[in-house]
Amino acid sequence: MSATEAYGPLFDAHLHIIDPRFPLVGNQGFVPEPFTVEDYRRRTAGLRVTGGAVVSGSFQGVDQSYLLDALRTLGPRFVGVTQLEPWVSDEQITVLNTAGVRAVRFNLFRQGRESLDALLELGHRVAAVAGWHVEVYVDARELGELADRLAGLPRISIDHLGLSAEGLPELLRLVERGARVKATGFGRGDLDVAAALKAVGEVNPEALLFGTDLPSTRARAPFADGDVALVYEALGERLARMALHDNAVDFYHLRTAARFPA
């Protein structure tokens, strides 16, 4: 058993699959290298991954073919987080839900806020049609002016600890209003990661959702197995186990997954 395996089960709440068999869209001139399901399994072989959330990146646009294939291959403990055009039909949302998609992602960090009104309307619609939540990729420094609108959605999570130390107070205020936070992408922002984890956990111990962010495209520092140890060191065993597994199992409505004893 590896040192990381000794920490217990991990629900990987944020991972990307990049399969060159399916369409990719250059974003700001960037097209990522392949990272297939097989690559993901090899990279996480030393972790006790029980399931996870496959998240669509900006470079995948609104393509669903890669995501549906990945979910079929990974199995029922994995769910999808997709990007959709605001005018997607209720029927297509239902089809995606049946395939295991459980959330829609708003990428405000790389794709801007020009269509925010339409996206918010979509967020309410996917909640009504399929019970999905909204995942938001945004620099937390922008949350001050967005908070009221985002908090009006039924359920939301914010990616990558909100990215910025300056925005952490705004992120914490949104957590007080019920938002969840992806404890992911530790090499993306300028945060003191341990301090940010502690701060979010103190506001709401159920808010943190850990993920590897593999393959860490465009991150200054990619995911390392030691990031799991950092979560334990910052939060202590009980809250770390919640962040690494139980919180996400609940948030993605996967309560049949194995849970830690209370």
- Lone qualifier among GLY80, GLY52, GLY61, GLY57 - being at pLDDT below 95 and closer than 17 Å to LYS182 by Cβ: GLY57
- Tally, over the range 206-221, of residues that are modelled with pLDDT of 95 or more and open to solvent by 50 Å² or more (accessible area, probe 1.4 Å): 1
- All but one of (1) aromatic (Phe, Trp, Tyr); (2) more than 17 Å from the chain's Cα centre (by Cα); (3) outside any loop (DSSP other than H, G, I, E, B) hold for PHE106, so report the exception by its number. (2)
- Item | Selection from the range 57-81 of residues that are touching a helix residue (DSSP H, G or I) at 6+ places or on another chain (Cβ under 6 Å) and within 20 Å of HIS124 (Cβ to Cβ) | GLY80
- Query: Can you pull out the residues in the range 133-146 that are aliphatic (A, V, I, L, M) and either assigned to a loop (DSSP other than H, G, I, E, B) or within 21 Å of LEU197 (Cβ to Cβ) (or both)?
  - Reply: VAL136, VAL138, ALA140, LEU143
- Note on the structure: Scanning the range 119-170 for residues that are farther than 21 Å from ASN97 by Cβ, open to solvent by less than 10 Å² (accessible area, probe 1.4 Å) and among the acidic types (Asp, Glu) gives ASP159
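Looking at the range 186-205, which of its residues are closer than 22 Å to GLY52 by Cα and open to solvent by 40 Å² or more (accessible area, probe 1.4 Å)?
ARG188, PRO205
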- Task: Report yes if SER157 is part of a loop (DSSP other than H, G, I, E, B) and either of a type in the set (D, E, K, R) or under 21 Å from GLY51 (Cβ atoms) (or both), otherwise no.
- Result: no
- Query: Of the residues THR184, THR217, which single one is touching a Pro at 6+ places or on another chain (Cβ under 6 Å) and β-branched (Val, Ile, Thr)?
  - Reply: THR217
- Note on the structure: All conditions in (1) over 23 Å from ASP213 (Cα atoms); (2) without any contact (Cβ under 8 Å) to a residue 40 or more places away in the chain are true of ILE156 except (1)
- Note on the structure: How many residues of the range 196-228 are assigned to a helix (DSSP H, G or I), more than 20 Å from TYR40 (Cα to Cα) and touching a residue at least 24 places away in the same chain (Cβ under 8 Å)? The answer is 7
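The values are calculated or read from the model by the stated rules, or taken from the named source; none is laboratory data. Keep in mind that what you see is a predicted model, and the values were worked out from it rather than measured. So basically every Cβ, Gly included, is an ideal-geometry build from the backbone, and we count neighbours across all protein chains shown. Protein only, heavy atoms only, side chains kept; ligands, DNA and RNA dropped before computing areas. Shrake-Rupley method; radii C 1.70, N 1.55, O 1.52, S 1.80 Å.
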